[in-house]
Amino acid sequence: MSLTDILSPSDIAAALRDCQAPDSFSPKKFFQISGMSKKSSSQIKEIFRILDNDQSGFIEEDELKYFLQRFECGARVLTASETKTFLAAADHDGDGKIGAEGIDCFKYR
């Protein structure tokens, strides 16, 4: 399964266009534009599984900086500031990584 089986390619493209400039990425806005905020918890967990590059059950900081590239190969890397902000918003237990429930929180913001 791929992200485009769950999300519209045009919505993904729009979300990526919105955050092309460094330090312009907002997780909440990206989730809204891409359509992720409208998906069910089970769909969000499937998206999370796809985004979890090493299949560890978590998205760690070093994976998170490549978040946009999981949607499109040529997308930019998140800046250190964007990565830290994203991690802080979704890392509920402070262990330095995001579990599927952390990603799901953006659906409700």
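The values are calculated or read from the model by the stated rules, or taken from the named source; none is laboratory data. Keep in mind the model is a prediction, meaning the values are calculated, not measured. Quick reminder, even Gly has a Cβ in these numbers, built from the backbone with ideal geometry, and neighbours come from all protein chains shown. Side chains are part of the model used for accessible areas, which takes the heavy atoms of the whole protein and leaves out ligands, DNA and RNA. Shrake-Rupley method; radii C 1.70, N 1.55, O 1.52, S 1.80 Å.
Note on ASP93/SER40: beta-carbon distance plugged into 1/(1 + (r/R0)^6) with R0 of 22 Å gives a FRET efficiency of 0.40. Here r is the Cβ-Cβ distance between LYS84 and ASP18 and R0 is 25 Å; the resulting FRET efficiency, rounded to 0.05, is 0.80. Helix check for the chain. Which DSSP H runs span at least 20 Å along their own axis by Cα, with a mean Kyte-Doolittle hydropathy no less than 1.0? For the chain, where a helix must reach 20 Å along its axis and average at least 1.0, there are no hits. Accessible area per residue for the chain is 51 Å², calculated with a 1.4 Å probe on protein heavy atoms, without ligands, DNA or RNA.
The local environment of PHE67, defined by Cβ-Cβ distances under 15 Å, has a net charge of -3 under the rule Lys, Arg +1 and Asp, Glu -1. In summary, the lysines within cross-link reach of LYS29, defined as a Cα separation below 20 angstrom excluding same-chain residues under 8 places away, comprise LYS38, LYS39, LYS45, LYS65, LYS84, LYS107.
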